[in-house]
Amino acid sequence: MISYLIKRILWMIPMMIGISLISFFIMHLAPGDVTSSESSFNPRASEESRQKLRELYNLDKPVVIQYGLWLKRIVKLDFGNSFASHQKPVLWEQKDKSGNVTKGLIQESLPITLMINLIGIFIIFSISIVLGTISAVRQNTWVDRSITLFVFIGFAIPGFWLALLLMYWTGVSNQWLPISGLHSPGFQNLSSFGQFIDLLKHLVLPVSISSLSGLAGISLYVRNGMLDILHQDFITTARSKGLKEKKVVFIHALKNAILPLITIIGLSIPGLIGGSVIAESIFAIPGMGKLFYDSVLMRDFPVIMGILTIGSVLTLIGNLLADIGYAWADPRVRKGLVK
Amino acid sequence: MKKKSILFNFITLYISLILLTSCSKESFEVIDYNKKFTNSFGGTLVNAMAGEPSNLIAMVAGDSASSAIAGNIFNSLIKYDENLNYAPDLAESWKISNNQKTITFTLKKNLKWSDGLPLTSEDVLFTWKLITNPTTRTPYGSDYQLVKEASAPDALTFKITYASSYAPALDTWTALHILPKHILKDEDINKTFFSRKPTGSSYYKLDEWISGQQVVLKASNNSTSGPPSIEKLISRIIPDTSSQFLELTADNIDLMNINPIQYQRVFPARKDLQQKIALYKELGNGYTYLGFNLKKAPFNDIRVRQALNFAIDKDEVIKGVLLGLGESISSPYKPGTRWNNPNLSPYPYKPKKALELLSEAGFIKNKDGLLVKNGKPLKFEIITNQNKQREMTAVLIQRRLQEIGVEVSIRVIEWASFVNRFIKTGDFDVVVLGWGLSLDPDQFNIWHSSQQGPGQFNFLGYENKKVDKLLELGRKELNPQKREKIYHQFSKYLLEDSPIVYLYAGYGLSAVHKRVKGIKKPAPPAGIYHNNYNWFIPKPLRRNEILER
């Protein structure tokens, strides 16, 4: 088992180099660099100053050399600074000589996105398991059909449209919830409990919208898994033993049916750090989606590479965790690994 | 029995909800915003901005969000007043020498930074050295590098000498924010904490900046221009304009820029919004044009360019794209300002005249109704960047040109690719783009024939010896009357040559909550924001600020 783990972890290194190489070259295939932003298209800004900037950021060198320079920094875990005029560090905060701290871009955005996505995933999975189980137990009844209809409507409805409608209903005509942002003005003067409630209120809409579209996939997955299990011999055995139907469904069947969900949870780990550009723009949430989108438009290469690198590390770790989780939960897989 | 009780509960709940909402509504609608109110210091103005400022040192930043915030924190030596004339800011007066090469600024007395330390001509000299320093990452250094010699003979005097007289000089000094030497002298300007924690001299100082969410400014006690009326300015960062609009209608923000549809369609239909929100329009700072690649046939033929100009209905474009909220122009200057030549008028919409000119140029209609010369149809592609207004403009032009037998296709491209793949390489036929209506009339970088290198701004390839000469003259002439003549002549040549079709200058539209008083209507030439330090929010109208106390 341990030698298997070590092998898997060692394999990640060439994988990472491959991923970063491909991302780096694809990124450079798009025409333009940081000096060609719309605001620098200004007769007052001279071409010489743009050329100076290009030299400063090594953008005038061949792509291979630029990649080498990037790799040299990244092995020391130095993600560099953004090309934008704020020059913020990409990953983590930096201190200058007089003690002023500049926070990293990912450091600022990641906790927000992570929080929203974790709550979202928790809600998606708990609701989906309930809906999927009910659908399976009541297969082909009106309950099953209306649940399926509901989750598909949730999947198909354009998120931004529903978001605006809900914002209008809960924020403008009724003033129950804040419309956008993460904090109310004057947030810092509230007690910490007040701050928590304030944050929660701001999260209701974004989390609901982002969860709604995820329900369809997972709940159908649970439903089908459940149906498979319910038709298996050991369930018939359990029933014939005279166990109560509740016990059969919730103890014997459900436990086995949600086993494959471990893989899905593992695979959704990299998705945790990716935010939705549209949702973040509408709700004015400074998350990872907007950060990545803006960096791509700006051709802010260090930030793009920083996010991609962290994303791919998390993908690889997520895969590994899914496999380990599977082995832990399923004795058959565990045996296969040891052999 | 059970069913009945549930129904009953619902009914009571419903009735109480109705009562509740109607009560709260009534207490809101009591306020009459049109009453006379007196000014008193205090209150908070909340506005929405689409992008987060990047860096509050304007010379390094370059984005509009940064300069909007920095403009409330820093002063320049001089500024434009509401009629767009030069006015004192930090400098009380300025004198131009007889040979037009030396400008001497005299600073106001007892100027202070917001931290209480004195602001002197040393700070001005320091700022000039910063922006001309080759290691400073500023795109705007070239204007200031023309200064051959700068000195601060005493604490109140700042003197600069240009190698040769430079007419846009004063304009460049309205744009340069003066920075404090005592804080920045040992800092690397490109990478300093100061960009997020500035110390300025103007009405406001930075109170708090929550990344990605909001920037809060607070009135400064040491303001060089006296105290403002509104105590706090909060700029909330809301990227989506529909969300901004919802926040405005819910009373959570006081101010936002709106689009023509909101101005012409939404507001007139909503009485409830008209009661509490006032709309303002002012001529914006830019114009949109259709530009020809003059290096390519058939656009190197003046008759073709003029014909296409006659074939485009500008009024229709203004009505269709801006819902009428714009003006057609005939020179690159704001209508109503001295640089705009009042004797010029846009090419009228005359498709017949267009066809005549095109047949002179050799284009004859074939049996399919298409214009053809030597077997080749008149056919080109309009490119533009992802900008809804420009896309719609291109579509309207496409239809009008199709009517006279010109085949037009449209391509919309993401900005960075647009500039690097098409503009820089000169690989395009026709563009729809915009330029600023600059306050100084100098247009050297856009129209002089020497400015055609890759990355320079005469990318259309315009060359006219007479225009070159006028642009060179206009840069040297500091006498406004003589300058006016030069640029009126320049505008006339430019209109005749028709390297671009002036399409429209759109209005800037703002919606402001009526609790904000002191805004000039109609907007003066400098726009409604020029006196935002005089705006006030009367005490009875201030937002319930329980959260802030």
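Every number here is computed from the coordinates shown, using simple stated rules; none is lab data. Model, not experiment: these values are computed from the prediction. Heads up, the Cβs are rebuilt from the backbone with ideal geometry, glycines too, and the neighbour counts pull from every protein chain shown.
Distance check, please: which entries in A:K52/B:K295; A:K103/B:K388; B:K295/B:K492; B:K109/B:K485; A:K88/A:K201 exceed 26 angstrom between their Cα atoms?
Details: A:K52/B:K295 29 Å; A:K103/B:K388 35 Å; B:K295/B:K492 22 Å; B:K109/B:K485 38 Å; A:K88/A:K201 30 Å.
Over 26 Å Cα-Cα: A:K52/B:K295; A:K103/B:K388; B:K109/B:K485; A:K88/A:K201.
Just tell me which lysines come within less than 25 Å, Cα to Cα, of A:K247; anything on the same chain fewer than 8 places away is out.
Straight-distance partners of A:K247: A:K255.
How much length is gained if the chain between A:L21 and A:L69 is pulled fully straight, taking 0.36 nm per residue apart and subtracting their Cα-Cα distance, in nm to one decimal?
Values: separation 48, 0.36 × 48 = 17.28 nm, distance 1.23 nm.
Here the answer is 16.1 nm.
Just need the relative contact order of the stretch A:189-298 here, percent rounded to a whole number, with Cα pairs under 8 Å and 6+ apart.
Working: 40 pairs, mean separation 21.5, N = 110.
It rounds to 20 percent for the stretch A:189-298.
How many angstrom lie between the C-alpha centres of the stretch B:456-532 and the stretch A:186-216?
47 Å
Give B:K281/B:K520; B:K108/B:K482; A:K95/B:K197 a once-over and call out the pairs whose C-alpha atoms are over 19 Å from each other.
Values: B:K281/B:K520 11 Å; B:K108/B:K482 31 Å; A:K95/B:K197 14 Å.
The answer is B:K108/B:K482.
For chain B, evaluate the Debye formula with one uniform point scatterer on each Cα (no solvent term) and list log10 I(q)/I(0) at q = 0.09, 0.11, 0.12 Å⁻¹, rounded to two decimals.
-0.80, -1.12, -1.27
What does the charge add up to near A:T263, with Lys and Arg as +1, Asp and Glu as -1, over the other residues with Cβ less than 14 Å from its Cβ? Each step should come with its number before you reach the end.
Numbers: positive: none; negative: A:D323, A:D330.
Result for the neighbourhood of A:T263: -2.
Give the span of the protein assembly as shown's Cα atoms along each principal axis, as three whole-Å numbers ordered largest to smallest.
109, 75, 65
In percent, what relative contact order does chain A have, based on Cα pairs under 8 Å that are 6 or more apart in sequence? Walk me through the intermediate numbers first.
Details: 343 pairs, mean separation 78.5, N = 339.
For chain A, the relative contact order is 23 percent.
Find out how many positive minus negative residues lie around A:A329, taking Lys and Arg as positive, Asp and Glu as negative, among other residues whose Cβ is under 12 Å from that of A:A329.
+1
Could you work out the local net charge near B:T106, counting Lys and Arg as +1, Asp and Glu as -1, over the other residues with Cβ closer than 14 Å to its Cβ? Intermediate values should be presented prior to the final figure.
Working: positive: B:K95, B:K108, B:K109, B:K159; negative: B:D89, B:E92, B:D154.
Charge balance near B:T106 sits at +1.
Between B:L156 and A:W11, what is the label-to-label distance in nm when each label sits 7 Å out along the Cα-to-Cβ direction?
So the two model labels end up 8.0 nm from each other.
What distance in nm separates the simple spin-label points at B:K365 and A:T263, each placed 7 Å from Cα in the Cβ direction?
Each label point lies 7 Å from its Cα, and together they span 6.8 nm.
With the contact rule set at Cα under 8 Å and sequence spacing of 6 or more, what percent relative contact order holds for chain B? Write down the numbers at each step before the final one.
On the way: 993 pairs, mean separation 108.0, N = 549.
Result for chain B is 20 percent.
For the peptides A:53-65, B:229-241, A:303-315, what is the packing order when you average, over each peptide's residues, the other Cβ atoms within 10 Å and list the highest mean first?
On the way: A:53-65: 13.4, B:229-241: 21.8, A:303-315: 20.2.
With the highest mean Cβ count within 10 Å placed first, the list reads B:229-241, A:303-315, A:53-65.
Report the Cα centroid-to-centroid distance between the stretch B:246-313 and the stretch A:274-339 in angstrom, as an integer.
41 Å
Rounded to the nearest 0.05, what FRET efficiency do B:K108 and B:E407 have when you use their Cβ-Cβ distance and R0 = 60 Å? Please report the intermediate quantities before stating the final value.
On the way: r = 62 Å, r/R0 = 1.04.
With a Förster radius of 60 Å, E is 0.45.
Would you mind checking B:K181/B:K205; B:K314/B:K367; A:K290/B:K191 for any pair whose Cα atoms are more than 20 angstrom apart? Don't skip to the answer; put the middle values down first.
Details: B:K181/B:K205 17 Å; B:K314/B:K367 29 Å; A:K290/B:K191 24 Å.
Distance filter (> 20 Å) returns B:K314/B:K367; A:K290/B:K191.
Based on other C-beta atoms within 10 Å, arrange B:F299, A:F122 from fewest to most.
Taking fewest neighbouring Cβ atoms as first place, the list is A:F122, B:F299.
How high is the FRET efficiency between B:N479 and A:L199 when r is their beta carbon distance and R₀ equals 56 Å, given to the nearest 0.05?
Details: r = 61 Å, r/R0 = 1.10.
Once the sixth-power term is evaluated, E becomes 0.35.
With n ≥ 4 as the cut-off for DSSP H runs, can you work out [θ] at 222 nm for chain B, using -39500 (n - 2.57) per run divided by the number of residues, rounded to the nearest 500?
Only helices count here, giving -8500 deg cm²/dmol.
Using label points projected 7 Å from each Cα along Cα→Cβ, tell me how many nm separate B:I31 and B:F193, to one decimal.
It works out to 3.9 nm between the two label points.
Would you mind giving the mean number of other chain beta-carbons within 10 Å of the Cβ of each residue in B:243-253, as a whole number?
Per-residue shielding by partner chains comes out at 6.
Using only Cα atoms, locate the centre of the stretch A:8-47 and the centre of the stretch B:349-384, then give the distance between them in Å, rounded to an integer.
So the separation of the two Cα centres works out to 44 Å.
Reachable lysines from B:K296, Cα under 18 Å, same-chain residues fewer than 8 places away excluded?
List returned: B:K373, B:K376, B:K379, B:K424.
Check B:L283: other-chain or 5+ apart residues with amide H under 5 Å from its amide H, H built from backbone geometry?
When sequence neighbours closer than 5 places are left aside, the close amide H contacts are B:G508.
Counting partner chain Cβ atoms within 10 Å of every residue's Cβ in B:225-235, what's the average?
Working: counts 0, 0, 0, 0, 0, 0, 0, 1, 0, 2, 0.
That works out to 0 on average.
Just checking the output field for A:170-181: average partner chain Cβ neighbours within 10 Å of each residue's Cβ? Walk me through the numbers on the way to the answer.
Details: counts 0, 6, 8, 3, 4, 5, 0, 0, 3, 11, 14, 10.
Counting other chains' Cβ atoms within 10 Å and averaging over A:170-181 gives 5.
Along the Cα-to-Cβ line of B:V266, 7 Å from the Cα, sits a label point; which residues in the stretch B:234-258 have backbone N less than 16 Å from it?
Counting backbone N atoms under 16 Å from the label point, the list is B:238-258.
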